[in-house]
1. Residues that are closer than 15 Å to residue 435 by Cα, among the β-branched types (Val, Ile, Thr) and touching a strand residue (DSSP E or B) at 6+ places or on another chain (Cβ under 8 Å): does the stretch 201-216 have at least one?
2. Would you pick out the residues in the stretch 222-238 that are buried (at least 24 other Cβ atoms within 10 Å of the Cβ) and not in a helix (DSSP H, G or I)?
3. Would you tally the residues in the stretch 208-227 being closer than 30 Å to residue 313 by Cα and in contact with a Ser or Thr (Cβ under 8 Å, 6 or more places away or on another chain)?
4. Regarding residue 268, is this residue out of contact with any Phe, Trp or Tyr (no Cβ under 7 Å at 6 or more places or on another chain) and either crowded, with 16+ Cβ neighbours inside 10 Å or assigned to a helix (DSSP H, G or I) (or both)?
5. So which of 222, 218 is closer than 20 Å to residue 67 by Cβ and in contact with a His (Cβ under 6 Å, 6 or more places away or on another chain)?
6. Give the stretch 1-45 a look and list any residue that's β-branched (Val, Ile, Thr) and over 12 Å from residue 159 (Cα atoms), or say none.
7. Can you list the helices (runs of 4 or more DSSP H) lying wholly within the stretch 282-386 that have 2 or more residues being in contact with a helix residue (DSSP H, G or I) (Cβ under 6 Å, 6 or more places away or on another chain), crowded, with 21+ Cβ neighbours inside 10 Å and among the β-branched types (Val, Ile, Thr)?
8. Give all pairs with beta carbons closer than 7 Å in which a residue from the stretch 55-77 that is surrounded by fewer than 24 Cβ atoms within 10 Å (Cβ to Cβ) and of a type in the set (D, E, K, R) meets a residue that is in a helix (DSSP H, G or I) and modelled with pLDDT of 95 or more; count only pairs at least 6 apart in sequence or on separate chains.
Amino acid sequence: MSEYTLSGARTALRDGSVSARELIDAALDRAAKTEAELHAFLTLDHDGARLAADAADAEFAAGRDAGPLQGIPVAVKDNMVTRGIETTAASQILAGYVPPYDATAVARLKEQNAVIVGKTNMDEFAMGSSTENSAFGSSRNPWHTDRVPGGSSGGSAIAVAAGSAIVGLGSDTGGSIRQPAALCGVVGMKPTYGLVSRYGLIAFASSLDQIGPLTRTVEDSVTALEALAGHDPLDATSYRGDRPDFRTGLDGGVAGLRIGVVRELSGEGFDADVETAFRRTVDLLSEAGAEIVEVSLPSMETSLSAYYLIAPAECSANLARFDGVRYGSRHDGATVEEMMTATRADGFGQEVIRRILLGTYALSAGYYDAFYGQAQKVRTLVIRDFESAYRRVDALVSPTAPTTAFEIGSKTQDPLSMYLSDVCTIPSNLAGDPAISVPVGCDGDGLPIGFQIMAPALGEAVMFRVAHTVEQLVGFEQRPPMLEVWA
């Protein structure tokens, strides 16, 4: 399983050299061998996955092909609702909740006869950068099990890296696909805001959240996005235009492209090995014919602060629905207020409570203009800085994360240090633009390093073009050393 790319598995399924049932059995077998150590999944749907695989094989036998994901094992982050499968967003307040419907992204997987392996672990309500905030226990990095996998989509990144899925679905609010992809040595991309439906995604910050794929190659990322993207009338923010052709120029190389290096996303706070790998990759792009331009985005210095006002403000509104009245856990109280207080105090974790309080404070009377209002002005500056940059260059590049995977527990008592893990990824969420992380090497401890490519809204084609070129130039083929032990 760990050797299969999506494109390779597609070919094998169609020429009959492997069956969907064999693929899902291999995925579940790998999960059985790794879960005690990695904890990538919250739920493994053994019976449902095998039934879906058998159905996919029957379709192949009948000569019917529903799409490129037919028969492919996919791991789904546990903040996307799945009909008949428990969905908790890694929170005690939703323990035992079994949705009666599928998220649109999940429905599109099923339309193509993809096989859902299970629901993956995450930071509670997607609030975190390490998958340590899960109410059901931390996940571990498959490259080094005393390190974090990143977050909040850590479980999906682990599943792809470790071989218990070929594709993972994650959500990205401030880097929650790209950062764990970088730390686990896989490809992770965030599409343009609105390109993939958010219907059925348990909301954290509605103006920032976006669903995207984690894969082993850039071409696989293109294929997965083609399966997910498209207008959805159930999502009012869904993009209504024609879906762009993501493959345009994919193999065209970078000769003639102008690529901007973001000055503010380097230097102090960035590991030396990360900087070295980044500069080496930029040099390779230059040698391949790209024109490298240094670009300054002054608003980057305040984007982190703006994000940690906007995102908590939106989360404080979104999470108000978890009150013990309609679904999820409920604690008794003499009054409705006491019931809600007891339910939330017991159901929400420390980081979720921290962000709810931050957001409620930022939105409160007398502070709205000073905090939330100012943060939105900074967001406008971020958008303008990106727009200005994209008038000069075709794409922007930076490290995906300032460090490689850090030790479990090393940042849990220092929220600011944890928040800085997303300093490179947050700006694209504020702007609503697409971005992708591609692995480009390992540090001195053998931990993966990610390279981020950013592009203007609906500019996925040029983003994928640069990313595919980086992948070919670097030739990153390392896999977690423990794969041999788990084989």
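The values are calculated or read from the model by the stated rules, or taken from the named source; none is laboratory data. Keep in mind that what you see is a predicted model, and the values were worked out from it rather than measured. Positions of Cβ are generated from backbone atoms using ideal geometry, with glycine treated the same way; all protein chains shown enter the neighbour counts.
1. yes
2. Answer for the stretch 222-238, where residues must be buried (at least 24 other Cβ atoms within 10 Å of the Cβ) and not in a helix (DSSP H, G or I): just 229.
3. Adding up the residues that qualify gives 7.
4. So residue 268 fails the test.
5. Just a single option satisfies the conditions, and that option is 218.
6. Those that are β-branched (Val, Ile, Thr) and over 12 Å from residue 159 (Cα atoms): 5, 11, 18, 24, 43.
7. Answer list for the stretch 282-386: 350-363.
8. 57/20; 57/21
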